[in-house]
1. For the chain, what does -39500 (n - 2.57) per DSSP helix run (n ≥ 4), summed and divided by total residues, give at 222 nm, in deg cm²/dmol to the nearest 500?
2. Choose one answer from 53, 101, 81: the residue with the largest mean-square fluctuation in a GNM of the chain with alpha-carbon springs under 10 Å.
3. Over region 8-75, calculate the relative contact order: mean separation of alpha carbon pairs under 8 Å at least 6 apart, over the residue count, as a percent.
4. How long is the gain from residue 53 to residue 124 if the chain were fully straight, where each residue apart is worth 0.36 nm and the alpha carbon distance is subtracted?
5. List, largest first, the extents of the alpha carbons of region 47-89 along their principal axes, each in whole Å.
6. Of all alpha-carbon pairs in region 14-63, indicate the percentage at a distance above 13 angstrom.
7. By average Cβ neighbour count within 10 Å, what is the ranking of 13-21, 132-140 from highest down?
8. Where the centroid of each part is defined by its Cα atoms, how far is region 22-48 from region 78-120 in Å?
């Protein structure tokens, strides 16, 4: 586990890519690094916390391709689970298992305590000096298999497969209660929850609702538990929080879910806990330190050969431990 209790002075660096050349420094930072607001980035530039090629800039300075933008920050990041397992590595991509309680990328209070940053460090220790790029993401509390590209071409090809719905995905979820069917489907449209004050909360909405997107997930019964069930989840579309929203919509939210199946007030209390530097895993729900959703399988066309390949990651110990501790009927 990474220790996020003490503040650590760190210089974060970014090389300006060609697509951002000609933007102002403020536009570049605010558009690319959204863990700070635009106003906060302007304050940091004015306070001398940001440099361009080692020189103090102004917010309106135009950045060029290859400029090195540096940001001096004292990090107070919450602790995370750092137990990343590299399952497969070759020239163009890496397959790794992400633990729960680890963001895929920088977000909010999490900057270096992220899957992509820690994976980059591990690959560097193994001798890889190039960039790695996320082809997709998992929610912070969702564990499971991820594919990360090592080349621009592989990244483009993988991203296109995810966008086209060509990637096969299977998840395991432990849910509250017991759905009566052995196999069932939840469909319809997903959109912002109009009854919630939480902007990121989604729900099943009518087809004509603003921003509504079609979504479908197939669920298969795996194992009965006490007042719960282990389900295999086969998402046929890739909407944000899709599995969690679909399960909550039928009254069987994922065990440990702090957003779905809970009130706005409970979720906001959890966010306040994390922003204050608290351990996210310390705010257990249903006796689980994180929501019990695991991405077990990923199937896609190899970005070079075109052959169909498949990779699996077994559920981590916190997932199986919760199941084993639950007495079956």
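1. On the way: 7 runs with 68 residues, N = 329.
Only helices count here, giving -6000 deg cm²/dmol.
2. 53
3. Numbers: 113 pairs, mean separation 35.6, N = 68.
Worked out over region 8-75, it gives 52 percent.
4. 23.2 nm
5. For region 47-89, the Cα extents along the three principal axes come out at 43, 29, 15 Å.
6. Values: 642 of 1225 pairs.
Cα-Cα pairs of region 14-63 separated by over 13 Å account for 52 percent.
7. Numbers: 13-21: 12.9, 132-140: 19.9.
Packing proxy ranking, top to bottom: 132-140, 13-21.
8. Value for the Cα centre distance between the two parts: 25 Å.
Computed from the coordinates by the stated procedures, all read-outs in this text should not be read as laboratory data. Since this is a predicted model, take the numbers as computed values, not measurements. Glycine also receives a Cβ, built like all others from the backbone with ideal geometry; neighbour counts cover every protein chain displayed.
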